[in-house]
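*Asks:* Questions regarding the structure given below will be posed in turn.
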Amino acid sequence: MQTLSVALGERSYPIHIGAGLLDDARLYAPHVKGRRVAVVTNPVVAPLHLARVQRALEEAGARVLPVLVEDGEQAKGWAGLDRLIDALLAAQFGRDSLIAALGGGVVGDLAGFAAAVYQRGIPFIQLPTTLLAQVDSSVGGKTAINHARGKNMVGAFHQPLAVIADVASLDTLPARELRAGIAEVIKHGFILDLQFVGWLEANIDKLLARERAALEYAVRRSCELKAQVVAADERESGQRAILNFGHTFGHAIEAGVGYGEWLHGEAVGTGMVMAAELSARAGTLSRDDAARVKRLVARAGLPMQGPKLGVERYLELMQVDKKAAAGKVRFVLLDGLGKATLRGDLDEKLVRESIAAAVQ
């Protein structure tokens, strides 16, 4: 097991990475002993992992209530949040209780947001079981539900007490979900670490083949990179916005086709293709480096072409992006591989051309 720390003063917390960690009562004990714990999961994850997580939590001194939510992005709405909070109220959970989010990014976002608002806030821990959740959504304290007009538009910053990333859980992950998680892995390299980009180019096939050592390194390096950014800018007032490389376009795709039609990582993959194209057209990224971005996205098995929503619809959907300021959409561009910048001064013509270049 390897342990990293997200350095946020009194809100600092560990990220534990390794195989077989979901069964380790010692990792839960400091956070759950004597508490009532609601394990929020879904019908796909529960048969795979719930029983052993419940055993470990009970061994650590917790009293456990399993709560199942819908599978898929449709769970991340007002109705899903209401059902989850109703379950907590029906079980008479108090402010001394705790939520454990067992699943992928949807479960983590929904359960984390419920923890942020239930009785004005209760603690939670993240038990991510998908690659995307392990390398990205479980780290940093972003919690949210979706709105019909935009992705993650209703949410809160609420840091977990701990993240326990059991890479053995990736053995049962569907191949499509694995590829979606790789999108967030390669994003971290593109914006923060040129050496990591080189490692990914050399090892992408090992990740797709689920080689344990490669997966552990990818999870660890991604968490290291994200933790550094979060520690410097917890509430996304500046630098943290670069973690949204590809997301402005990607969120537009998800909202435009309907949540759940495209996986988040798939939309981010295409979004990175669009963002690399925009970077090249804006003169911040060489054509050779833009081609490297596109090749790596393609090798990860991610979609290279966006859905035919129409350029005007893309622009409309991007207007509700959370990075928008003073009515202008801001984009994360690459200033070379391994470096990113946030720009709000781009000619709309370049944006239109970049969308058109990546839509069949």
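The values are calculated or read from the model by the stated rules, or taken from the named source; none is laboratory data. Bear in mind that the values here come from a model prediction, so they are computed numbers and not experimental data. Glycine also receives a Cβ, built like all others from the backbone with ideal geometry; neighbour counts cover every protein chain displayed.
*Asks:* Applying the selection to segment 287-325, what residues are free of Cβ contacts under 8 Å to residues at least 12 places away in the same chain, over 27 Å from GLY338 (Cβ atoms) and either assigned to a helix (DSSP H, G or I) or touching a Phe, Trp or Tyr at 6+ places or on another chain (Cβ under 8 Å) (or both)?
*Replies:* GLU312, GLU316
For (1) small (Gly, Ala, Ser); (2) out of contact with any His (no Cβ under 9 Å at 6 or more places or on another chain); (3) crowded, with 18+ Cβ neighbours inside 10 Å, each residue gets a yes or a no:
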position	(1), (2), (3)
SER138	yes, yes, yes
LEU170	no, yes, yes
ARG176	no, yes, no
HIS188	no, yes, yes
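*Asks:* If we scan segment 10-27, do we find a residue that is polar (S, T, N, Q), over 22 Å from the mean Cα position of the chain (by Cα) and assigned by TED's automatic domain parsing to the domain that holds THR130?
*Replies:* So far as segment 10-27 goes, no, none of its residues is polar (S, T, N, Q), over 22 Å from the mean Cα position of the chain (by Cα) and assigned by TED's automatic domain parsing to the domain that holds THR130.
*Asks:* Of the conditions (1) assigned to a loop (DSSP other than H, G, I, E, B); (2) in contact with a strand residue (DSSP E or B) (Cβ under 7 Å, 6 or more places away or on another chain); (3) crowded, with 19+ Cβ neighbours inside 10 Å, THR270 clears all except one; give me its number.
*Replies:* (1) is the only condition that THR270 fails.
*Asks:* Next question. Answer yes or no: is there a residue in segment 44-66 that is part of a loop (DSSP other than H, G, I, E, B), touching a helix residue (DSSP H, G or I) at 6+ places or on another chain (Cβ under 6 Å) and in contact (Cβ under 8 Å) with a residue 60 or more places away in the chain.
*Replies:* Residues of segment 44-66 part of a loop (DSSP other than H, G, I, E, B): 44-45, 60-62.
In the following step, the residues that additionally are touching a helix residue (DSSP H, G or I) at 6+ places or on another chain (Cβ under 6 Å) were identified as 60, 62.
Narrowing further to those that are in contact (Cβ under 8 Å) with a residue 60 or more places away in the chain: none.
Checked segment 44-66: no residue is part of a loop (DSSP other than H, G, I, E, B), touching a helix residue (DSSP H, G or I) at 6+ places or on another chain (Cβ under 6 Å) and in contact (Cβ under 8 Å) with a residue 60 or more places away in the chain.
*Asks:* Let me confirm something: among ARG287, ARG292, ARG220, which residue is crowded, with 17+ Cβ neighbours inside 10 Å, farther than 30 Å from VAL163 by Cα and modelled with pLDDT of 95 or more?
*Replies:* Selected residue: ARG292, the only one of ARG287, ARG292, ARG220 that is crowded, with 17+ Cβ neighbours inside 10 Å, farther than 30 Å from VAL163 by Cα and modelled with pLDDT of 95 or more.
*Asks:* Looking at (1) in contact with a Gly (Cβ under 7 Å, 6 or more places away or on another chain); (2) part of a loop (DSSP other than H, G, I, E, B); (3) surrounded by fewer than 24 Cβ atoms within 10 Å (Cβ to Cβ), can you tell me which one VAL197 breaks?
*Replies:* VAL197 satisfies all of (1) in contact with a Gly (Cβ under 7 Å, 6 or more places away or on another chain); (2) part of a loop (DSSP other than H, G, I, E, B); (3) surrounded by fewer than 24 Cβ atoms within 10 Å (Cβ to Cβ) except (2).
*Asks:* Right, next: How about segment 171-185: which of its residues are free of Cβ contacts under 8 Å to residues at least 40 places away in the same chain and of a type in the set (D, E, K, R)?
*Replies:* Within segment 171-185, ASP171 is the sole residue that qualifies.
*Asks:* Being among the hydrophobic types (A, V, I, L, M, F, W, C), within 29 Å of GLY72 (Cβ to Cβ), surrounded by 15 or more Cβ atoms within 10 Å (Cβ to Cβ) and over 13 Å from the mean Cα position of the chain (by Cα), is that true of even one residue in segment 231-240? Spell out the reasoning first.
*Replies:* We begin by selecting, within segment 231-240, every residue among the hydrophobic types (A, V, I, L, M, F, W, C); these are 231-232.
Filter again for within 29 Å of GLY72 (Cβ to Cβ), leaving none.
No, segment 231-240 has no match at all.
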